[in-house]
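Before any comments, here is the structure.
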Amino acid sequence: MPNSLHHRAVEHVGSRIVDGSIPTGEVVLASEIETELGVSRSVVREAVRVLASAGLVVSTKRVGIRVLPPEDWNPFDPLVIRWRLASGGLGAQLRSLTELRVAVEPMAAELAAEHAPDEFCGELLNLAAQMRHAGRSGDLHTFLELDIRFHALVLAASGNEMFANLANPIGETLRGRTELGLMPERPHEEALTWHQAVADAISAHVPQDARASMEKIMRRTNQEICGVWADKPRIFPHPKH
């Protein structure tokens, strides 16, 4: 029960901050959240800790919980990603993660072809085969989970721990695209072929082929959904010292 109450408090405040219902700069009192949700001070305190770790709020003693501007939010936090996808920030969120993927994943595939351990190669080949089967049979739920695992494994196989830690935000975005109906009804045959080509190139240790095939996947992804963010303004956070 406490975990349920904690989740409810995090969702209630966090989603409202992200969709703008609680505006930047507003100060919220813990007592107000307690009364509104009927929860204890300890539940609110833990919820605020989660929101602060995501960069959404800062808690000041004897003042309250102040809402921070979007440029202070952690753009890699899965909660922030999910809330942005569910709000007016959908386009901007998809653009940010898609552009990041276009930049990073081809390099990750190249590095994986150079450095991936044998067990990673075997799993990638198995995943590619399963993706082909699930995609052709129209099992989109299974295909989604396999796709998330495939891309997470390529990132991990690069041997770069910063790349590997992009797996969760990318997975959250892929799930969000599917839930919002922004995925094709069936995966394109080309995409299935390119995933197989990535797995083959990594397993054969051919870096340039792995990079080229992943580049095709990412460019196709960008082309499919770029219309969603065509009119969305970009965020230009000032570099922090």
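Points worth noting:
- Residue separation of Leu29 and Ala52 scaled by 0.36 nm, minus their Cα-Cα distance, works out to 6.8 nm of gained length.
- Within the listed set Gln196, Gln223, Gln93, the Gaussian network model of the chain (springs between alpha-carbon atoms below 10 Å) gives the highest mean-square fluctuation for Gln223.
- Rounded, prolate or oblate (a/c below 1.5 giving rounded, otherwise prolate when a/b exceeds b/c) for the range 124-214 by Cα gyration tensor: oblate
- In the range 143-241, GluC sites (Glu not before Pro) in a DSSP loop with at most 12 other beta-carbon atoms within 10 Å: Glu185
- Of Pro207, Pro117, Pro169, the residue with the greatest mean-square motion in the GNM of the chain, using alpha carbon springs below 10 Å, is Pro117.
- Here Val228, Val48 are placed in order of increasing Cβ neighbour count within 10 Å, fewest first, which gives Val228, Val48.
- Relative contact order of the chain, defined on C-alpha pairs under 8 angstrom at six or more residues apart (%): 21 percent
- Comparing Ile217, Met107, Pro70 along the charge dipole axis of the chain, the residue lying farthest to the positive side is Pro70, per the Cβ-charge model.
- The angle separating the long axis of helix 207-225 from the principal Cα axis of greatest extent in the chain is about 50 degrees.
- Put simply, the C-alpha atoms of the range 84-164 give a gyration tensor, and the ellipsoid matching it has half-axes of 24, 20, 8 Å, longest first.
- The charge dipole of the chain, taken about its Cα centre with unit charges on the Cβ of Lys, Arg, Asp and Glu (plus for the first two, minus for the last two), comes to roughly 820 debye.
- Which labelled figure in (1) 50, 42, 35; (2) 61, 42, 36; (3) 51, 37, 33 is Cα extents along the principal axes in Å, once derived from the coordinates: (2)
- Each residue in Ile235, Ile33 was given a count of other beta-carbon atoms within 10 angstrom of its own, and listing them fewest first yields Ile235, Ile33.
- Remark: the Glu71-Glu185 segment gains 37.6 nm on full extension, using 0.36 nm per residue and subtracting the alpha carbon distance.
- Pairs of Cα atoms nearer than 8 Å and 6+ residues apart set the relative contact order; for the range 1-138 it is 21 percent.
- If only the Cβ of Lys and Arg carry +1 and only the Cβ of Asp and Glu carry -1, the dipole of the range 120-202 around its Cα centre is close to 60 debye.
- Pairwise FRET efficiency - Ala204 versus Ala129, Cβ, R0 = 22 Å, nearest 0.05: 0.90
- Residue order, fewest to most surrounding Cβ atoms within 10 angstrom, among Met131, Met183, Met214: Met183, Met131, Met214
- In loop segments of the range 15-93 as defined by DSSP, the GluC sites (Glu not before Pro) with at most 15 further C-beta atoms inside 10 Å of their C-beta are Glu26.
- The longest stretch of the chain left intact once loop-based trypsin sites (Lys or Arg not before Pro) with at most 11 other Cβ atoms within 10 Å are removed from consideration, loops following DSSP, is 63-233.
Since every read-out is calculated from the coordinates, none of them should be taken as a lab result. Everything numeric here is computed off the predicted structure, so don't read it as measured data. Methodologically, a virtual Cβ is constructed for each residue, glycine included, from the backbone with ideal geometry; neighbour enumeration extends over all protein chains shown.
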